[in-house]
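Structure first, then comments.
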Amino acid sequence: MKNKITHIWEKIRQTAVSCGRDPETVKLVAVTKTVPPELIRQAMDAGLRVFGESYIQEASAKIDAIADKNVSWHFIGHLQSNKAKIAVRYFDLIHSVDSLNLAEALNRQAEAIHKIQNILVQVNISGESTKSGTAAEEAIALVNAIRWMENLSVKGLMTIPPFFDQPEKARPYFKALAGLKNQIKNQSPPGNQINELSMGMSGDFEVAIEEGATLVRIGTAIFGERA
Ligand SMILES: *Cc1c(COP(=O)(O)O)cnc(C)c1O
């Protein structure tokens, strides 16, 4: 596993440098859904510190088992409003806020524990009916509504493009998300923190970095195929 992680770090670095970006601006989120705590500990020993989980129940049990303050947990899966209370307790960044209803639930639960919850707005940039995420046309309004919620802080956008076996085909979707992020940032008040672009997975993270990704979510390339 150590070799795979080193390889990914090196790819991230090379890709960033080759398109004139500071490699420090690209963070690796190791996706650990279905990965048992023993393997996550090995990944921590290899130097990983940020992990992404998709299922609330599975994640909270694993986070309790690992119980390490030096690790940052991100939630990247579809989140139901009735799980907001658990989500704000366990996660430093929630990538998948896609409705006003969910944002309001997170804001309420974050307030109850005196936390400012960092979030990303998930955008369904391809418009596929099977994908979660807010429609691109509605993303601006959602960010504007969230701006008034005192216990949420919007840090940027996230997307999952359609699956292609040629990563180059995902490029237009990454470009579109980056364009939308810039548009939202430019019409937001000065001093806003809308800087993050969560995009790119095992098969296409290099293209995503070329288009501006700041958070790449990588599972299979580190932990192997999921069962
Ligand atoms: C599972 C998952 C990933 C990781 O995908 P890999 O192809 O295994 O790298 C990234 N993002 C989300 C939202 C996921 O659910």
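Pick out the one residue from 106, 48 that is at pLDDT 95 or above, under 17 Å from residue 29 (Cα atoms) and of a type in the set (A, V, I, L, M, F, W, C).
Exactly one residue qualifies, and that residue is 48.
Residues in the stretch 199-227 that are among the basic types (Lys, Arg) and either crowded, with 21+ Cβ neighbours inside 10 Å or at pLDDT 95 or above (or both): how many?
The qualifying residues number 1.
Considering only the stretch 133-165, state which residues are loosely packed, with under 15 Cβ neighbours inside 10 Å and either among the polar types (S, T, N, Q) or under 18 Å from the mean Cα position of the chain (by Cα) (or both).
135, 144, 162, 163
Considering each of 95, 74 in turn, give the residue that is within 18 Å of residue 154 (Cα to Cα) and either among the polar types (S, T, N, Q) or in contact with a Ser or Thr (Cβ under 7 Å, 6 or more places away or on another chain) (or both).
Just a single option satisfies the conditions, and that option is 95.
Given 72, 18, 54, 60, which one is modelled with pLDDT of 95 or more, of a type in the set (Ser, Thr, Tyr) and more than 24 Å from residue 96 (Cα to Cα)?
Selected residue: 18, the only one of 72, 18, 54, 60 that is modelled with pLDDT of 95 or more, of a type in the set (Ser, Thr, Tyr) and more than 24 Å from residue 96 (Cα to Cα).
The values are calculated or read from the model by the stated rules, or taken from the named source; none is laboratory data. Because the structure is predicted, anything quoted here is derived from the model rather than measured. When we count neighbours, we look across all protein chains shown, and the Cβ atoms used for this are built from the backbone with ideal geometry, even at glycine.
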